[in-house]
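Below: one structure, written as structure tokens.
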Amino acid sequence: SSYNGKPPSNAGQFVQWLQEIKPGELEGVHYAVFGCGDHNWASTYQYVPRFIDEQLAEKGATRFSGRGEGDVSGDFEGQLDEWKKS
């Protein structure tokens with residue numbers, strides 16, 4: 001999730017770390033990202049989860065599942081359940 005396109009306080013250091021490490025430093029790391037957002041904030045919707053996903057890939061990590069996007073103004077739980085099945 002994010003607030004005005006910025007990471008929440010519990011993810012700020014992680015995002016900063018991702019920006020500072022060099023390409024290739026995360027080789028061998030496998031990851032998945034599921035973002036939580038509200039489509040009513042269209043200009044920043046899913047910005048932070050997308051940024052994290054892109055940074056992890058650029059730094060050499062490998063996705064083991066496509067990025068998921070949950071919309072709290074919709075059926076968030078259903079979206080999460082569908083993503084977990086994929």
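None of the figures in this text is laboratory data; all of them are computed from the coordinates on show. Predicted model only: the values in this text are computed from it and were never measured.
Every Cα-Cα pair of the chain was included, and the share exceeding 17 Å stands at 51 percent.
With contacts taken as Cα pairs under 8 Å and at least 6 residues apart, the chain reaches a relative contact order of 34 percent. The phi torsions of segment 23-32, fed into the Karplus equation with coefficients 6.51, -1.76 and 1.60 and a -60° offset, translate into couplings of x, x, 5, 9, 4, x, 8, 10, 8, 9 Hz, rounded to whole numbers, with Gly and Pro shown as x. Taking a straight Cα-Cα cut-off under 16 Å and skipping sequence neighbours fewer than 8 places away in the same chain, the lysines within cross-link reach of LYS59 are LYS22.
Between ALA11 and PHE34, what length in nm is gained on full extension when 0.36 nm per residue of separation is reduced by their alpha carbon distance? Don't jump to the answer; show the numbers that get you there.
Values: separation 23, 0.36 × 23 = 8.28 nm, distance 1.37 nm.
Net length gain for the segment: 6.9 nm.
Please give every one of the aspartates and glutamates within straight-line cross-link reach of LYS84, meaning a C-alpha to C-alpha distance under 17 Å, and leave out same-chain neighbours fewer than 8 residues apart. Hits, sequence-local ones excluded: ASP53, GLU69, ASP71, ASP75.
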